[in-house]
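Structure record follows, encoded as structure tokens.
The values are calculated or read from the model by the stated rules, or taken from the named source; none is laboratory data. Nothing here was measured: the structure is a model prediction, and the numbers come from that model. Note that we place each Cβ from the backbone using ideal geometry, even for glycine, and neighbour counts take in every protein chain shown. Side chains are part of the model used for accessible areas, which takes the heavy atoms of the whole protein and leaves out ligands, DNA and RNA. Shrake-Rupley method; radii C 1.70, N 1.55, O 1.52, S 1.80 Å.
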Amino acid sequence: MSDANLDPKTAFPVPVADADTQPFWDGVARGELLIQRCGSCGAWLWQPRPICPRGQTPGPTWTRVSGDGRVASWVVMRPPTLPAYADKVPFVVLLVELDEGVRLLGYLVDGDGAMLETDGAAEGVAIGRRVAVRYHDQGGTRLPSFTLV
Ligand SMILES: [Zn+2]
């Protein structure tokens, strides 16, 4: 997490980890996508939580996943935006369903994790398209993002 840039005209919103989400963000910082899995029923859990909601089993295990999935939905971000995004629009935010069934949000990025300035048409963004996780640096914070494959 970075709080070095607090100028509201240039600062991006960044995640604020708590006790439940810190392992997720630590994994992202290392380039690993970690999702909790219940040791009792095997359910993949998202959002991070201390107890499985199915059987009330405590202490789900952080488990590395591939980050492969499909586009479940998506939206094109256009002006007006927060000031920090003014020179990045249009861009695409994907709702991705990982192969484990968990749904995460992320920017559409290229294979190196750079955010694409696009409405998604040229790239052929569509529900069901396969994606792979990449890591985008936003103001010093790594964010899971996705590239079309
Ligand atoms: Zn469970």
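Tabulated results
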quantity: Single residue of segment 6-45 satisfying the filter (loosely packed, with under 13 Cβ neighbours inside 10 Å and among the polar types (S, T, N, Q)) that is nearest to Val102 (Cα to Cα); calculated: Gln22
quantity: Residue under evaluation Val96, criteria (1) open to solvent by 20 Å² or more (accessible area, probe 1.4 Å); (2) within 19 Å of Thr147 (Cα to Cα), criterion not met; calculated: (1)
quantity: Yes/no for Gly113 being under 21 Å from Pro15 (Cβ atoms) and either in contact with a Phe, Trp or Tyr (Cβ under 8 Å, 6 or more places away or on another chain) or open to solvent by less than 70 Å² (accessible area, probe 1.4 Å) (or both); calculated: yes
quantity: All positions within segment 46-59 that are open to solvent by less than 20 Å² (accessible area, probe 1.4 Å) and in contact (Cβ under 8 Å) with a residue 24 or more places away in the chain; calculated: Pro48
quantity: Checklist (1) under 15 Å from the mean Cα position of the chain (by Cα); (2) in contact (Cβ under 8 Å) with a residue 40 or more places away in the chain; (3) surrounded by 13 or more Cβ atoms within 10 Å (Cβ to Cβ) applied to Gly101, failing item; calculated: (3)
quantity: Checking Phe12 against (1) in a strand (DSSP E or B); (2) away from the ligand (no atom under 12 Å from the Cβ), the condition it does not meet; calculated: (1)
quantity: Residue satisfying condition, being touching a residue at least 12 places away in the same chain (Cβ under 8 Å), surrounded by fewer than 17 Cβ atoms within 10 Å (Cβ to Cβ) and aliphatic (A, V, I, L, M), within set Ala84, Ala121, Ala126; calculated: Ala126
quantity: Near pairs, Cβ below 6 angstrom, 6+ apart or cross-chain, from segment 1-17 (farther than 9 Å from Gln138 by Cα and among the hydroxyl-bearing types (Ser, Thr, Tyr)) to any residue that is modelled with pLDDT of 55 or more and in a loop (DSSP other than H, G, I, E, B); calculated: Ser2/Gly139; Ser2/Gly140
quantity: Check on Arg49, within 19 Å of the chain's Cα centre (by Cα) and over 16 Å from Leu105 (Cβ atoms); calculated: yes
quantity: Per-region count, segment 5-46, residues modelled with pLDDT of 95 or more, basic (Lys, Arg) and either more than 15 Å from the chain's Cα centre (by Cα) or under 19 Å from Leu105 (Cβ atoms) (or both); calculated: 1
